[in-house]
Amino acid sequence: MFNASLHSRRIALGLAMALVSAPMLASDAAPSADIVTGRLSGIHDAKTGLNEFKGIPYAAPPIGSLRWKPPQSVVAWKDVRKADRFGPRCMQRPIFSDMVFRSDGMSEDCLYLNVWTPADAPNKKLPVLVYFYGGGFIGGDGSEPRYDGASLAQHGIVTVTVNYRLDVFGFLASPALAAESPEHAAGNYGLLDQHAALEWVKRNIAAFGGDPDQVTIGGESAGSMSVSAQMASPLSKGLIRRAIGESGAMLGNLNPTPLAQTMREGEAFERRVGARSLDQLRAMSAQALLDAAGQKDVPEFRPTIDGYFLPRPPKDIYEAGEQAHIPLLLGANSQEGSYVSLFEGQPPNQANYRAAVQKRFGEHAAEALKLYPGETDADIKTSGTALAGDDFIAFSTWQWMRMHRQTGRAPVYYYYFTQARPSKREGNAGPDAGAVHSGEIEYALGNLSGNAVYAWTTTDRHVSEVMQGYWARFIQTGDPNGPGLPHWPAAANKDGGLLRQVIGTDTHTMIDRNAARYQFLMGVEGTKVL
């Protein structure tokens, strides 16, 4: 059983331990690093000048009796442990076609992280980025090439990617799980994994040349939602100095599910799979549980207000100003959703658009049509795409920006990413119409070359240089501005709108006047739960 006081003592002991880092050699010899639990042997990349440590365990394997338990401490090892290959990805169904994995298979034993660092880093106390992948809390992995840390590490940033539990393994809650918890909490194991990784970074990142007091957390989609939650959690907010959110927050229409509802759904799932006790549930095969979770009539397993990691809804925490008071860089893309999704296979004409808006907003439809007009075919495409994107994830991102500006006592930098991906190298598909959901990742992290699907252009590479330049400067200083970069002011009211940075072919500051859309959605958010 998880013992909170023992866990806290272990953390305190870890923080107090002196970390002795063996020199990481700037040659082709395998670099090594001494961390709290033992010595690691990594990989030196002579081409990039980086040392890479992959598949480092940051928590004990959450298997057997540890399934649906908060992450537990790693058992120390005596011999040198190789950290030269990615660990297994967490259990997940093959839902997302754009996910490419370099992981060592798939397993419940998946709580591993990866570190990229300059070979001459040990004595430099470099800033650190800890990045959480997206995938709707049901997919994703720290080995994906789009999250590769090498490019940012070449900017002098120790870069870390983290695996965390997903789907039924990461977010199942039930009365039995709450009863066995000292905090009477259940669910959110995936978020607790992220927190454990941050604790690991605090204790160990100096061995890789990182400064434990200069940690930025970042993520996209579910990873961005995770960042907003880590900022809100009393467990994590003291472990981070800056935050980056790319499309998504646990606010607005993406609030965590109330615990009572999550536990009802968990009990129903236990009955579905025929488990009469936690012991029986923990004895079931991981694949059988994953298959059952993927059935159409099973509610999604997602974050909940567990009373421990999230003692209250994030909305209440941000309203009270109890989140981490740190600089925040966040934004959304120009095509987070598509107007096509509104029509359910029907022709995208004016009558069907009005019907779709009526179905979505009911008595509020007339007001919605003023904000998202559909009088012409062009209107339908523009307004429908804006509505689909807002309703999906842009509204929650705006709400995070708004609330942290009000109570966060730190600068907020708000972006609008517009660069559409180019044509694919194979096939006849042309470029995207706009910047689709997740389309910014390779640009921001400097990983265009790791994605061979698209025929990247000189313009794309320039946009990536600018965007990654912003991200690197923010991770280093808390301010995205730096030499050679278009000026990016912090979000502030101006001329009836809000200063916001457009990042794309023409990177510049605009005045965003879309607040009325989001205020409308805020007023009717109870009419739809995503």
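The values are calculated or read from the model by the stated rules, or taken from the named source; none is laboratory data. For clarity, every value in this text was computed on a predicted model and none was experimentally measured. Glycine also receives a Cβ, built like all others from the backbone with ideal geometry; neighbour counts cover every protein chain displayed.
Ser65 falls short on exactly one of the conditions (1) assigned to a loop (DSSP other than H, G, I, E, B); (2) surrounded by fewer than 16 Cβ atoms within 10 Å (Cβ to Cβ), and that condition is (1).
Filtering the stretch 256-308 to residues that are over 22 Å from Met106 (Cβ atoms), in a loop (DSSP other than H, G, I, E, B) and of a type in the set (Ser, Thr, Tyr) leaves Ser277, Tyr308.
Consider Ala429 carefully, then state whether it is aliphatic (A, V, I, L, M), surrounded by fewer than 20 Cβ atoms within 10 Å (Cβ to Cβ), farther than 17 Å from Ala150 by Cα and out of contact with any strand residue (DSSP E or B) (no Cβ under 8 Å at 6 or more places or on another chain). So Ala429 fits the description; yes.
Looking at the stretch 186-202, which of the residues that are in a helix (DSSP H, G or I) and hydrophobic (A, V, I, L, M, F, W, C) is farthest from Pro175 (Cα to Cα)? Per the criteria, the residue is Val201.
Tell me, please, whether a residue that is at pLDDT 95 or above, among the hydrophobic types (A, V, I, L, M, F, W, C) and closer than 30 Å to Asp120 by Cβ can be found in the stretch 166-181.
No: the stretch 166-181 contains no residue that is at pLDDT 95 or above, among the hydrophobic types (A, V, I, L, M, F, W, C) and closer than 30 Å to Asp120 by Cβ.
Annotation: of all residues in the stretch 309-325 being in a helix (DSSP H, G or I) and out of contact with any helix residue (DSSP H, G or I) (no Cβ under 7 Å at 6 or more places or on another chain), the one that is surrounded by the most Cβ atoms within 10 Å (Cβ to Cβ) is Lys315. Of all the listed residues (Val115, Val130), the sole one being β-branched (Val, Ile, Thr), under 16 Å from the mean Cα position of the chain (by Cα) and either surrounded by fewer than 22 Cβ atoms within 10 Å (Cβ to Cβ) or at pLDDT 95 or above (or both) is Val130. Quick check, is Val20 β-branched (Val, Ile, Thr) and modelled with pLDDT of 95 or more? It is false that Val20 is β-branched (Val, Ile, Thr) and modelled with pLDDT of 95 or more. Selection over the stretch 494-512 of residues that are in contact (Cβ under 8 Å) with a residue 60 or more places away in the chain and either within 25 Å of the chain's Cα centre (by Cα) or surrounded by 15 or more Cβ atoms within 10 Å (Cβ to Cβ) (or both) gives a count of 8.
Yes/no matrix, rows are residues, columns are (1) within 15 Å of the chain's Cα centre (by Cα); (2) at pLDDT 95 or above; (3) over 20 Å from Lys69 (Cβ atoms):
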{"position": "Gly187", "(1), (2), (3)": "no, yes, no"}
{"position": "Asp193", "(1), (2), (3)": "yes, yes, no"}
{"position": "Ala197", "(1), (2), (3)": "yes, yes, no"}
{"position": "Asn204", "(1), (2), (3)": "no, yes, yes"}
{"position": "Gly209", "(1), (2), (3)": "no, yes, yes"}
{"position": "Gln230", "(1), (2), (3)": "yes, yes, no"}
{"position": "Gly238", "(1), (2), (3)": "no, yes, yes"}
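Among the residues of the stretch 466-508, those identified as among the β-branched types (Val, Ile, Thr) and over 20 Å from His404 (Cβ atoms) are Val466, Val502, Thr505, Thr507.
Inside the stretch 259-287, residues that are under 27 Å from the mean Cα position of the chain (by Cα) and exposed (fewer than 13 other Cβ atoms within 10 Å of the Cβ) make up a count of 2. Scanning the stretch 162-180 turns up at least one residue that is within 25 Å of Gln476 (Cα to Cα) and surrounded by 23 or more Cβ atoms within 10 Å (Cβ to Cβ). Gly434 fulfils the conditions (1) at pLDDT 95 or above; (2) in a helix (DSSP H, G or I) except for a single criterion, (2).
Output yes when any residue across the stretch 326-346 is among the β-branched types (Val, Ile, Thr), assigned to a helix (DSSP H, G or I) and surrounded by fewer than 22 Cβ atoms within 10 Å (Cβ to Cβ), and no when none is. Yes, that holds for at least one residue.
Just to be sure I understand the filter: pairs with C-beta atoms under 6 Å, separated by 6 or more residues or on different chains, first member in the stretch 73-88 and under 22 Å from Ile63 (Cα atoms), second member part of a loop (DSSP other than H, G, I, E, B) and among the polar types (S, T, N, Q). Which pairs pass? Matching pairs, first to second residue: Val74/Thr37; Ala76/Thr37; Phe86/Ser103; Phe86/Ser143; Pro88/Ser103; Pro88/Ser107.
Per-residue answers, yes or no, for (1) crowded, with 19+ Cβ neighbours inside 10 Å; (2) at negative phi; (3) not aliphatic (A, V, I, L, M):
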{"position": "Gly478", "(1), (2), (3)": "yes, no, yes"}
{"position": "Leu485", "(1), (2), (3)": "no, yes, no"}
{"position": "Pro489", "(1), (2), (3)": "no, yes, yes"}
{"position": "Ala492", "(1), (2), (3)": "no, yes, no"}
{"position": "Asn514", "(1), (2), (3)": "no, yes, yes"}
{"position": "Tyr518", "(1), (2), (3)": "yes, yes, yes"}
{"position": "Glu525", "(1), (2), (3)": "yes, yes, yes"}
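Being basic (Lys, Arg) and either touching a residue at least 24 places away in the same chain (Cβ under 8 Å) or part of a loop (DSSP other than H, G, I, E, B) (or both): is that true of Arg360 here? So Arg360 passes the test.
Scanning the stretch 338-360 for residues that are of a type in the set (Phe, Trp, Tyr) and closer than 10 Å to Gly374 by Cβ gives Tyr339, Tyr353. Cβ-Cβ contacts under 8 Å between residues 6 or more apart (or on different chains), taken from a first residue in the stretch 463-475 that is in the same structural domain as Val502 (by TED's automatic domain parsing) and without any contact (Cβ under 8 Å) to a residue 24 or more places away in the chain to a second residue that is surrounded by fewer than 20 Cβ atoms within 10 Å (Cβ to Cβ) and not polar (S, T, N, Q), are listed as Gly469/Gly482; Gly469/Gly484; Gly469/Leu485; Arg473/Asp479; Arg473/Gly482; Arg473/Leu485.
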